[in-house]
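Asks: Starting off with a structure, shown below.
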Amino acid sequence: MIELEGLTKRYGEKVAVNNLTFTVRPGMVTGFLGPNGAGKSTTMRMMLGLDRPTAGHVRIDGKRYEQLKDPLTYMGALLDAKAMHGGRSAYNHLLCLAQSNGIARKRVDEVLDTVGLTAVARKKAKGFSLGMGQRLGIAGALLGDPRILMFDEPVNGLDPEGIHWIRHLMKSLAAQGRTVFVSSHLMSEMALTADHLVVIGQGRLLADTSMADFIARNSRSYVRIRTPQRERLLDVLHGAGITVVETGNGTLEVDGGKSELIGELAAQHQLVLHELSPQQASLEEAFMQLTAESVEYHAHTDAPAPRPWGDDWKRG
Amino acid sequence: MSTPQPQMPQAAPNWQAAPGSSYPGYTSPIPVTRTHLGHALASEWTKIKSVRSTMWTLGVFVLLVIGIGLATGALVSANAGEQDLAGENPLSFGFFGLLLGSMCVITLGVLTTASEYGTGMIRTTMTACPSRGRVLAAKAIVFFSVAFTVTLVSALLVAFADVAMLGDAREPSGGEWLKGTVGVSLYMALLGLLSLVVGSIIRHSAGAITIMIGVLLAPLVIALFMFSESLEKVRQALFEYSIPNQLSVFYSTSLTDSGPSGWDPLWIILGVTAAAFAGAVALLEKRDV
């Protein structure tokens, strides 16, 4: 169990993580979701005692990470695929980690086998693809067979087969009663793996809810309509007590699954319809709506606003 | 690449509180070990011997020390007349190889700490061992032992060969033997350790190596060009306390009669390294990884 209380990290003026309070529970996969730059990695680094919080604290089963006497056998973490020395072989990378925590040498072979890197165990890590680096990082997290696991964007760079594998792995780890905490910026990925969801944006907590609740609340179904006789259709639908939303570019939307009713009404009044299609808002859209206010790096489709030179990398 | 299925140890899930813990969750069949400095030392030993840069820097170091040491001895032996070497300490010809070799020791020292920041390995290291002081201490002990052993073996080899080659020179005393082999090796290993500590403070390999090469050479080079009378005292101090001159003190062949003598250079670098080490530990505790 990981408990965060009032966790805050400030870099000068910029607040990267703002007063986060939530609990990650054992026996399930908890998804940690937020757009790029939301503070996910900073939060995870503070959980591991790498970054010092400006305020608040993190407790791992009641202790600070630094107080763990057996860190790797208690908590395993994949931070980023490149947190290793490229000149060292996969085997030696894991061996030095195992030795630092008194873990038996044979465990290195076991985890290499688990992640499927046995064939390249003696190869230097700098020759690895992003996906292979990710697998080596996961091997490092599993090394101590820990009760708490933390993965920062584990599916990055993995092929579809690898993604399928990591999903299965996380679920089976959670089913064994472990605490599994996974960050991602992809809602669709989380919908398939996570049981619980923590969403942050610009360092602030936006949601802390079970996945089922989030889906029930946010998967809106509606009917999209296009017609050349817009005014008349609006009158007819109003007359039938149906609320219509005009979404611009000539389309209308009606909440709920009322496509049959609308089709019949249009036929009765001899209205021409160019489109009448039931739609399901994706969780991705729900996530984007939730975080719309707090997305830090917007892509501008219109003329880009002039930015001072060097502004981008200063924030990086 | 095939996709293996995860093969977790088949322990029965323990949903109740683990023994000795009030928190529920998985309990691993792997025995839990309370980590200590010994684990960190084993880990750092694996690290230092599993990268190619260690072999390169130490290989070049041994080549320089032994190659130049023997070549100097041979050259002197071939050209010196009957009386030229009378009263000379034959061990002192090992100096040139060590002076050039110090660049390699500095490089390896810096890389031991700074390369972890360059590659991102430091985050993995500090996660595996959250006690930051312990990590630096383990690196320091492993590096110092390696640097001292390699320097001592090379210096001893050169010393025996030069003494054998230069029969006309006087027989060095026991104290001179100790200073010219164990003494210089301790000094070199401490110079490397200072570089390791600077690497941990600067966190950037090229920057830290540049600083250390500057520390090694700048005082001597600057002093060479101090022609003004009024700077005489500064010039003298720069000469006397420059690292090459301190190194030569171990062979009792200092540039000047004043300044450090005997074992002084060792106490000086020990003090400087200890102070830098304390500073590095304080910074390590304060800064984010």
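No value in this document is a laboratory result; all are computed from the given coordinates. Treat the numbers as computed from the prediction; the structure is a model and nothing was measured. Using ideal geometry, Cβ is built from the backbone for each residue, glycine included, and neighbour counts are taken over all protein chains shown.
Asks: According to the Cα gyration tensor, what semi-axes, each the square root of 5 times an eigenvalue, does the equivalent ellipsoid of the range B:171-248 have, listed from largest to smallest in whole Å?
Replies: Numbers: eigenvalues 122, 113, 11 Å².
With the √(5λ) rule applied to the range B:171-248, the semi-axes are 25, 24, 7 Å.
Asks: For chain A, with a Gaussian network of springs between Cα atoms less than 10 Å apart, report the residue from A:D80, A:D213, A:D195 with the top mean-square fluctuation.
Replies: The residue with the greatest mean-square fluctuation here is A:D213.
Asks: Can you tell which of B:A140, B:A276, B:A74 shows the greatest fluctuation in a Gaussian network model of chain B with Cα springs below 10 Å?
Replies: Maximum fluctuation in the GNM of chain B, among the listed residues, is at B:A74.
Asks: I'd like to know how the range B:38-286 sits against the 2.2 N^0.38 Å rule of thumb: what's its Cα Rg over that expected value? Could you put the intermediate results ahead of the total?
Replies: Working: Rg = 19.3 Å, N = 249, 2.2 N^0.38 = 17.9 Å.
The value comes to 1.08.
Asks: For A:Q279, what residues show an amide H to amide H distance below 5 Å, using hydrogens built from the backbone and excluding near sequence neighbours?
Replies: The list, which skips near neighbours in sequence, is A:Y222, A:V223, A:R224.
Asks: I need two numbers for the range B:162-214: Rg to one decimal and Dmax as a whole number, Cα atoms only, in Å.
Replies: Cα radius of gyration and Dmax of the range B:162-214 are 17.1, 50 Å respectively.
Asks: Evaluate Rg over Rh across the range A:80-207, taking Cα atoms for both radii and Kirkwood's formula for Rh. Before the final figure, lay out the partial values.
Replies: Working: Rg = 15.1 Å, Rh = 15.4 Å.
Rg/Rh for the range A:80-207 comes to 0.98.
Asks: Also, quick follow-up: Mean 1/r over all different Cα pairs, inverted: what Kirkwood radius does the range A:1-86 give, in Å?
Replies: Details: mean 1/r = 0.0723 Å⁻¹.
Roughly 13.8 Å, rounded to one decimal.
Asks: Against the empirical 2.2 N^0.38 Å scaling, what ratio does the C-alpha Rg of chain A come to? Show your work: numbers first, answer last.
Replies: Values: Rg = 24.5 Å, N = 316, 2.2 N^0.38 = 19.6 Å.
That works out to 1.25 for chain A.
Asks: Quote the FRET efficiency, to the nearest 0.05, computed for B:D168 versus B:L224 with a Förster distance R0 of 41 Å and r equal to the Cβ-Cβ distance. Could the numbers behind the result be given before it?
Replies: Working: r = 32 Å, r/R0 = 0.79.
That pair, B:D168 with B:L224, gives E of 0.80.
Asks: So what does the Cα-only Debye profile of the range B:141-289 read at q = 0.09 Å⁻¹, as log10 I(q)/I(0), no solvent term?
Replies: Results for the range B:141-289 at q = 0.09 Å⁻¹ read -0.36.
Asks: While we're looking at this one, here's another question. Tilt of helix B:264-286 relative to the longest C-alpha principal axis of chain B, in degrees (0 to 90, nearest 10)?
Replies: Its long axis makes an angle of about 20 degrees.
Asks: While we're looking at this one, here's another question. Taking the alpha-carbon set of the protein assembly as shown, what are its Rg and Dmax in Å?
Replies: 33.1, 127
Asks: So, in nm, how far is label B:W267 from label A:K106 when the simple model puts each one 7 Å beyond its Cα toward the Cβ?
Replies: So the two model labels end up 5.5 nm from each other.
Asks: Rounded to the nearest 500, what is the 222 nm mean residue ellipticity of chain B from helices alone, with -39500 (n - 2.57) per DSSP H run of 4+ residues and division by all residues?
Replies: -22500 deg cm²/dmol
Asks: Now a separate question. For labels at A:A175 and A:Q280 in the simple 7 Å Cα→Cβ model, what's the distance in nm?
Replies: 2.4 nm
Asks: Now a separate question. Work out from phi, with θ = phi - 60° and the Karplus expression 6.51 cos²θ - 1.76 cosθ + 1.60, the ³J(HN,Hα) of each residue of the range A:224-240, listed in order in whole Hz, and give x for Gly and Pro.
Replies: Residue by residue, the range A:224-240 yields 9, 10, 10, 8, x, 9, 4, 4, 5, 4, 4, 4, 4, 5, 4, x, 8 Hz.
Asks: Tilt of helix A:160-175 relative to the longest C-alpha principal axis of chain A, in degrees (0 to 90, nearest 10)?
Replies: For A:160-175 against chain A, the angle is about 70 degrees.
Asks: Under 5 Å between amide hydrogens, which residues at least 5 positions from A:G201 or on another chain qualify, with H placed 1.01 Å from N in the peptide plane?
Replies: A:L206
Asks: Right, another one. In straight Cα distance, which aspartates and glutamates are under 16 Å from A:K82, not counting same-chain residues fewer than 8 positions off?
Replies: A:D152, A:E153, B:E116
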